[in-house]
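Throughout, read-outs are computed from the coordinates displayed, never taken from laboratory work. On a predicted model such as this, the values are computed, not experimentally measured, just so you know. When we count neighbours, we look across all protein chains shown, and the Cβ atoms used for this are built from the backbone with ideal geometry, even at glycine.
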């Protein structure tokens, strides 16, 4: 990868108008956030081992089904049925109590470094995930993210009804990004996005600086056609044990990041020097 993979942002562009949008699963963390919490959810009586197997199978069918509209709707229906009747407070408690145990081992050091680089430039960092907000928000807090865009389930009397108010997936991710940009005053042509999934093509196409992370063949081909950058994340690193925004630099320490992430960091540093 060369510097040509990165488009230079005009000097003096207001950093406050720029954001970096990060997919969560397989981009910031080397696993699925919902799968990572399967053990504490089983222990808490929310799901059974059979539910875990059915979810894994549904996800497999979703992937091999090329993520078309029908497959997306089947996955959405499965998630709705699974969560129906869950106590929202119990979900929040389980996630808050176990987030470090089940998420820490999977966080990519390269992603942490990029988050730090964007914050150093004065950019907002936004976590964009198809997982439920109750799962994503505690993780985002640990990462020091400024905003969260996630799926929202309908809640009545502190329990999930099984209806999904907003499924933050596919084109909906791009829509939620545009809505947040309008509220916050971001110029999307100057914003960044990072994802590992071809289903996030709308999200990647919504910004001026898109990067694919550990892409498969199809996503790599689309990235080449679209002029998106390519990154390899390989180094998970544990976070400090507290669920609150923390100085990301203190987490990373002297961890060496991959060559691809180095080039992105250098690009961001050049922007910082031009401000």
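If I model a spin label as a point 7 Å beyond the Cα along the Cα-Cβ vector, how far apart are those points for residue 120 and residue 230 in nm? Between residue 120 and residue 230, the label points sit 2.6 nm apart. For residue 89 and residue 31, a Förster radius of 25 Å and the Cβ-Cβ distance give a FRET efficiency of 0.50, rounded to the nearest 0.05. In terms of its Cα atoms, the range 99-217 spans 42, 34, 33 Å along the principal axes, sorted from long to short.
The ellipsoid that matches the Cα gyration tensor of the range 141-187 has semi-axes, each √(5λ) in whole angstrom, of 24, 15, 10, with the longest given first.
With contacts taken as Cα pairs under 8 Å and at least 6 residues apart, the range 84-202 reaches a relative contact order of 24 percent. What FRET efficiency comes out for the pair residue 16/residue 216, r = Cβ-Cβ distance, R0 = 25 Å, nearest 0.05? Efficiency computed from Cβ-Cβ geometry: 0.10.
The fewest-to-most ranking of 119, 147 by surrounding Cβ atoms within 10 Å reads 147, 119. Annotation: the residues 203, 153, sorted from fewest to most other C-beta atoms within 10 Å of their own C-beta, follow the order 153, 203.
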